[in-house]
Structure formats: C-alpha cells, structure tokens
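Report on one structure; see the data block that follows.
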Ligand code: AN0
Ligand code: CP
C-alpha cells in the first residue's frame with residue numbers, strides 16, 4: 001500500500017481489523033520494519049491526537065520521525081498555481097513538496113478544507129499534490145474531505161465494544177459555534193458502509209453529506225427516531241457540505257442546541273455507547289454527563305489511533 005486516504009486502500013477490511021488486533025496484542029512486533037526509515041508528518045493545521053498517535057505508531061515500527069508545522073517556523077506556502085507571488089507567501093508548495101520528499105521515506109499530511117471553494121476542497125488539491133510531487137508514499141492525517149485514521153480507529157473501537165453481531169450505529173450532527181470540515185463524518189460514513197453494521201445518519205435539513213460518502217446509509221431527519229435502538233451514538237458537527245445548495249458550502253446553517261447529545265437523547269437508545277473523535281466542545285456537542293458516563297468511548301477511540309496508524313504505516317513500510 002503506497003497511499004492511504006480511503007477505506008478501499010486497505011483492501012479486505014476484515015483482514016485489516018485482524019492486523020489491528022495483532023498489533024494491539026504486540027505493538028512492537030514489527031519494530032525491525034522501520035529501521036533507518038524516516039516518517040515526515042506535515043501539519044497545516046493543529047493536532048493533539050494525530051500528532052502523538054502517529055509518532056508513537058512510527059516509533060512502534062522503529063522509524064525515525066520528523067514533524068513539520070508548516071505555520072510555525074517554515075516559509076509561508078502558496079498552494080495555488082499561477083498566482084503572482086507578490087504577497088506574504090515566500091515559497092510555493094510545488095517546490096516545497098519535492099524538497100520534503102528528499103528527507104524522508106513516507107509522508108503524512110494534515111490539511112483541512114478551506115471551506116470556501118467546494119471544488120478545490122473536494123478535488124483534494126493539496127493532498128494530491130503531495131501524491132504527485134513528493135515521490136514518496138503519502139497518507140492522510142485528515143485532509144480536505146477525509147480522516148481515515150480516525151474512521152479506522154473508530155471501527156476498531158466498535159468491534160471491541162459491540163454487544164450484538166450487527167450493531168446499530170447512528171451518526172448524529174450536533175451544534176458547534178464555528179464552521180468545521182466534513183472530513184470526519186465523510187470517512188466515518190464511508191467506513192461504516194464498508195463494515196457489518198446497521199448505519200443511520202441524522203442531521204438537520206441542509207447538512208446532507210456528499211452522496212459518495214453516504215452510500216446506502218439511511219438518512220433520518222428526525223433525530224429521536226434515528227437514535228431509537230442505537231447501540232453506538234457517534235456525534236459530530238460539520239458545516240454545510242453544499243450538496244443541496246452550493247452557495248451554502250462551508251456555512252454554519254444551524255446552532256440548534258436541541259441536537260446536543262444529553263442524557264435524554266441517550267435514553268432513546270439501546271443503552272448506547274457514546275463516541276466522538278475529539279476534540280469536543282462540551283455542552284455544545286455533548287453534555288458533561290454523557291461524555292463522562294462509563295458508556296462513553298472517547299478515550300478508547302483516541303487510544304486506538306495508535307493502532308490504526310501502526311497498521312497503516314506497517315502496510316506502507318512493507319511496500320517500499
Ligand atoms: C476538526 C474537524 O472537525 O475536522 C478536527 C477533528 C479531528 N475539529 C476542529 O477543528 C475543532
Ligand atoms: N481526532 C483527531 O484527529 O484529533 P487531533 O485533531 O487532535 O489530531
């Protein structure tokens with residue numbers, strides 16, 4: 001595997017889950033694999049979990065790691081071709097990328113959606129430039145439209161905690177003061193569609209996700225109806241995906257606090273586990289009581305980020 005951004009990149013998902021279990025039982029099993037290999041993690045945006053868990057994963061595999069925060073200490077980068085660079089940006093990404101490729105064997109990229117130009121974001125312009133110009137295997141650490149390491153960790157967490165063979169998993173939109181990308185819900189939907197679960201998405205009208213990611217999921221606009229009988233509740237805010245109205249792309253259309261996941265919402269479920277990728281704004285997305293409840297899986301999800309990243313880096317190392 002040279003590139004990782006979509007669920008199909010892993011091939012057989014059951015096989016990938018077995019590898020995750022193997023790594024969880026012995027996370028240093030492949031410590032020789034990454035000897036004298038260097039991972040470069042490039043961050044265009046902030047991170048706590050992705051930065052720490054991916055670095056830990058690389059260390060599990062015996063790799064060396066370089067972390068670059070593009071916005072702290074590096075030259076300000078222009079990302080669009082054809083621009084007259086007479087502003088504050090000193091270097092173009094089209095030189096910076098191949099230069100970065102000179103110093104490493106694998107590159108991880110975090111680059112969020114700009115949320116102003118839907119075509120630019122959904123073309124995965126920045127990530128694909130790394131694929132095209134770095135000369136190295138590249139994997140997504142949350143790009144404009146996907147966050148596969150998170151979705152993989154979430155699926156591992158569901159597998160570990162499910163109490164029935166085919167659980168009902170409900171992804172619910174929840175309010176947030178600022179516009180957030182659709183990467184997390186897109187990938188979660190994509191991965192749940194590939195997994196053996198009964199998957200329902202609920203959100204206010206206007207927040208329809210891209211059909212490519214929704215797939216065959218049931219979309220239910222009545223949040224209570226959607227949550228009834230749920231075994232897992234996956235909360236997430238996202239801004240308008242611009243599917244039904246392109247002019248609204250990236251906008252906050254609703255801050256309706258009746259969507260905040262509280263104990264009443266959880267009482268409609270089948271004693272569901274609560275999930276969120278973090279970072280989460282308490283009492284916007286979820287109340288203190290729900291996130292602190294023993295049924296909350298937010299910390300196990302974060303812990304499994306080390307496992308999903310170790311599987312992905314192992315696969316890439318085995319291909320170079
Ligand atoms: C980001 C998002 O919603 O995509 C990262 C989540 C992993 N969240 C924020 O920017 C708060
Ligand atoms: N869940 C997640 O990716 O968190 P960070 O943004 O802190 O990396």
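The values are calculated or read from the model by the stated rules, or taken from the named source; none is laboratory data. Quick caveat: nothing in here was measured; it's all calculated off a predicted structure. So basically every Cβ, Gly included, is an ideal-geometry build from the backbone, and we count neighbours across all protein chains shown.
Numerical summary
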{"quantity": "Flag for residue 246 being modelled with pLDDT of 95 or more and surrounded by fewer than 17 Cβ atoms within 10 Å (Cβ to Cβ)", "calculated": "yes"}
{"quantity": "Meets criteria (in a helix (DSSP H, G or I) and either within 15 Å of the chain's Cα centre (by Cα) or within 30 Å of residue 248 (Cβ to Cβ) (or both)) for residue 132", "calculated": "no"}
{"quantity": "Single unsatisfied condition, residue 51 versus (1) within 16 Å of ligand 1 (Cβ to nearest atom); (2) without any contact (Cβ under 8 Å) to a residue 24 or more places away in the chain; (3) touching a helix residue (DSSP H, G or I) at 6+ places or on another chain (Cβ under 9 Å)", "calculated": "(3)"}
{"quantity": "Any helices (runs of 4 or more DSSP H) falling wholly within the stretch 1-102 and containing at least 2 residues that are closer than 29 Å to residue 194 by Cα and more than 19 Å from the chain's Cα centre (by Cα)", "calculated": "13-25"}
{"quantity": "Selected residue (only one of 146, 164 is within 16 Å of ligand 1 (Cβ to nearest atom) and part of a loop (DSSP other than H, G, I, E, B))", "calculated": "146"}
{"quantity": "Criterion (touching a residue at least 12 places away in the same chain (Cβ under 8 Å), touching a strand residue (DSSP E or B) at 6+ places or on another chain (Cβ under 6 Å) and more than 16 Å from ligand 1 (Cβ to nearest atom)) met by exactly one of 33, 39, 10, 17", "calculated": "39"}
{"quantity": "All positions within the stretch 261-296 that are over 16 Å from the mean Cα position of the chain (by Cα), surrounded by fewer than 22 Cβ atoms within 10 Å (Cβ to Cβ) and assigned to a loop (DSSP other than H, G, I, E, B)", "calculated": "262, 268, 269, 270, 271, 281, 283, 284, 287, 293, 294, 295"}
{"quantity": "Enumeration of residues in the stretch 107-139 that are farther than 16 Å from residue 70 by Cα and within 14 Å of ligand 1 (Cβ to nearest atom)", "calculated": "115, 121"}
{"quantity": "Any hit, the stretch 135-150, residues being closer than 23 Å to residue 240 by Cβ and away from ligand 2 (no atom under 14 Å from the Cβ)", "calculated": "yes"}
{"quantity": "Selection within the stretch 191-207 - within 22 Å of residue 225 (Cα to Cα) and buried (at least 18 other Cβ atoms within 10 Å of the Cβ)", "calculated": "192, 197, 199, 200, 201, 202, 203, 207"}
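Yes/no matrix, rows are residues, columns are (1) crowded, with 16+ Cβ neighbours inside 10 Å; (2) within 16 Å of ligand 1 (Cβ to nearest atom); (3) over 24 Å from residue 186 (Cβ atoms):
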{"site": "5", "(1), (2), (3)": "yes, yes, no"}
{"site": "46", "(1), (2), (3)": "no, yes, no"}
{"site": "57", "(1), (2), (3)": "yes, no, no"}
{"site": "67", "(1), (2), (3)": "no, no, yes"}
